[in-house]
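Report on one structure; see the data block that follows.
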Amino acid sequence: MAEYEACALGIQAAINFKVKLLKVYGDSTLVIHQLKGEWETRYHKLIPYHVYIKKLTEFFDDISFHHIPREENQMADALATLASMFQLTPHGDLSYIEFRCCGKPAHCCLIEEEQDGKPWYFDIKRYVEDKEYSREASDNDKRMLQRLATDFFLNGGILYKRNHDIGTAPMCRCQGSRANARRGA
């Protein structure tokens, strides 16, 4: 439903701008094939969306629908989610959204260089390897390190983070400070 709503909002915006030739790109195989008429729309909650968009297509001299694989179009998911959150007024007024691309995630701006010059994972690796703590570690620090270490394992001298969804990611191939390692350098 969110994909259909995003499509309808985009088509309505094109109508408002008096566009006459339109190519619609989407990453929903289902929606694109249904709107192209290649697949039947059977699900009762999607039928009103399909009918509405078909009525909107009458405003164009030519309109075509094209599928883009999801891996190639992450923006479509974000826009579809946003579109499903908006209610259109009877006048068809659309809210404008401004996007800015940032060179790095916002949290990287808060990361400071470590004073000891060791990578951020140094204490975790040492604990996983030898069950050793730093000399100045408090009891609370030790408990925290034990909890953190359960998410990591060593293989061939490389520290890996366990990822229960998509496998593992090596952690020790990074060189430099803890801040650089957090940034993925």
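Rule-based calculations on the coordinates, nothing more; no lab input. Just so it is clear, the model here is predicted, and its values are computed rather than measured. Note that we place each Cβ from the backbone using ideal geometry, even for glycine, and neighbour counts take in every protein chain shown.
Could you put HIS66, HIS44, HIS33 in order, starting from the residue whose Cβ has the fewest other Cβ atoms within 10 Å?
Details: HIS66 10, HIS44 7, HIS33 15.
Final ranking by Cβ density, sparse to dense: HIS44, HIS66, HIS33.
Within straight cross-link reach of LYS54, meaning Cα distance under 28 Å, which lysines are found once same-chain residues fewer than 8 apart are removed?
LYS18, LYS20, LYS23, LYS36, LYS45
Using the Kirkwood radius built from alpha carbon pairs, what does the Stokes-Einstein equation give as D for the stretch 2-83 at 37 °C and 0.692 mPa s, in µm² per second?
Working: Rh = 12.9 Å.
Stokes-Einstein gives a translational diffusion coefficient of 255 µm²/s.
Taking the number of other C-beta atoms within 10 Å as the exposure measure, put LEU30, LEU22 in order starting with the fewest. Intermediate values should be presented prior to the final figure.
Numbers: LEU30 15, LEU22 18.
Lowest to highest Cβ neighbour count: LEU30, LEU22.
Over the stretch 2-83, what is the relative contact order in whole percent, taking alpha-carbon pairs under 8 Å and six or more residues apart?
Values: 91 pairs, mean separation 41.3, N = 82.
Relative CO of the stretch 2-83 lands at 50 percent.
Run the numbers for ALA2 and VAL51: contour at 0.36 nm per residue of separation, minus the present Cα-Cα distance, in nm. List each step's numbers first, then the result.
Working: separation 49, 0.36 × 49 = 17.64 nm, distance 1.53 nm.
Using 0.36 nm per residue and subtracting the Cα-Cα distance, I get 16.1 nm.
How much net charge surrounds LYS45 when only other residues with a Cβ under 15 Å from its Cβ are counted (Lys, Arg +1; Asp, Glu -1)? Numbers along the way, then the final one.
Working: positive: ARG42; negative: GLU3, GLU5, GLU40.
Around LYS45, the surrounding residues sum to -2.
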